1. Out of the residues in the stretch 5-49 that are surrounded by 12 or more Cβ atoms within 10 Å (Cβ to Cβ), in a helix (DSSP H, G or I) and touching a Pro at 6+ places or on another chain (Cβ under 9 Å), which is modelled with the highest pLDDT?
2. Given the criterion under 13 Å from the mean Cα position of the chain (by Cα) and of a type outside the set (D, E, K, R), identify the matching residue among Ala115, Ala102, Ala72.
3. In the stretch 10-31, what residues are in contact (Cβ under 8 Å) with a residue 24 or more places away in the chain, within 14 Å of Arg61 (Cα to Cα) and either of a type in the set (Val, Ile, Thr) or in contact with a helix residue (DSSP H, G or I) (Cβ under 9 Å, 6 or more places away or on another chain) (or both)?
4. Check whether at least one residue in the stretch 47-62 is of a type in the set (D, E, K, R), in contact with an Asp or Glu (Cβ under 7 Å, 6 or more places away or on another chain) and farther than 16 Å from Leu144 by Cβ, and report yes or no.
5. Does Ser80 qualify as being under 14 Å from the mean Cα position of the chain (by Cα) and farther than 26 Å from Arg145 by Cα?
6. I want to confirm something. Restricting to the stretch 56-78 and keeping residues that are among the β-branched types (Val, Ile, Thr) and assigned to a strand (DSSP E or B), which single residue is surrounded by the most Cβ atoms within 10 Å (Cβ to Cβ)?
7. Considering only the stretch 32-50, how many residues are in contact with a Ser or Thr (Cβ under 8 Å, 6 or more places away or on another chain), closer than 20 Å to Pro64 by Cβ and free of Cβ contacts under 8 Å to residues at least 40 places away in the same chain?
Amino acid sequence: MHWQCLPFDALSTQQLYALLRLRSEVFVVEQACIFQDLDGLDQQAMHLLGLQGAELLASARYFPKGVTFAEASIGRVVVSPGARGSGLGHQLMVQALACLQAEWGAQSIRIGAQAHLRDFYASHGFEDVGRPYIEDGIPHLEMLRSS
């Protein structure tokens, strides 16, 4: 697996297409959720791409504090359906945390996690802060990883 951490402006058109296609495949089609994935935040994000050869298998975006939450944040965490069960999701989170810290230093990170993934994020140091909410018809939790 090859990992790249890139600002939006450094994404090639091929990388951007693969990124948006993977997010659409999972968040819109697989989860049967009609929502506006293109939310205007990608341009402010750093993008983590997990590639096997030329194929994008995993991705996440991450932000400095003050963009999506008061703290730094990670979102749009996605693994290709064909690559699930291999531990790639855990590798993706380890890389996302490392990239965020390399970019902006050690700090607290807040996420909006799909509720059914609570234990997954907890295994990476995130704690449920007791603020459940519904986003696009899916139960979510605010979770915080303290620095």
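The values are calculated or read from the model by the stated rules, or taken from the named source; none is laboratory data. Everything numeric here is computed off the predicted structure, so don't read it as measured data. Ideal geometry is used to build each Cβ from the backbone, glycine not excepted, and the neighbour counts take in all protein chains shown.
1. Gln44
2. So the residue among Ala115, Ala102, Ala72 that is under 13 Å from the mean Cα position of the chain (by Cα) and of a type outside the set (D, E, K, R) is Ala72.
3. Selection gives Leu11, Leu19.
4. Yes, the stretch 47-62 has at least one match.
5. No, not satisfied.
6. Here the residue is Ile74.
7. Residues flagged as in contact with a Ser or Thr (Cβ under 8 Å, 6 or more places away or on another chain), closer than 20 Å to Pro64 by Cβ and free of Cβ contacts under 8 Å to residues at least 40 places away in the same chain within the stretch 32-50 amount to 1.
The rows are residues; the columns are (1) in contact with a helix residue (DSSP H, G or I) (Cβ under 8 Å, 6 or more places away or on another chain); (2) free of Cβ contacts under 8 Å to residues at least 24 places away in the same chain; (3) of a type outside the set (Gly, Ala, Ser); (4) surrounded by 17 or more Cβ atoms within 10 Å (Cβ to Cβ).
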| site | (1), (2), (3), (4) |
| --- | --- |
| Gly89 | yes, no, no, yes |
| Ala96 | no, no, no, yes |
| Ala106 | no, no, no, no |
| Ala113 | yes, no, no, yes |
| Ser123 | yes, no, no, no |
| Ile134 | no, yes, yes, no |
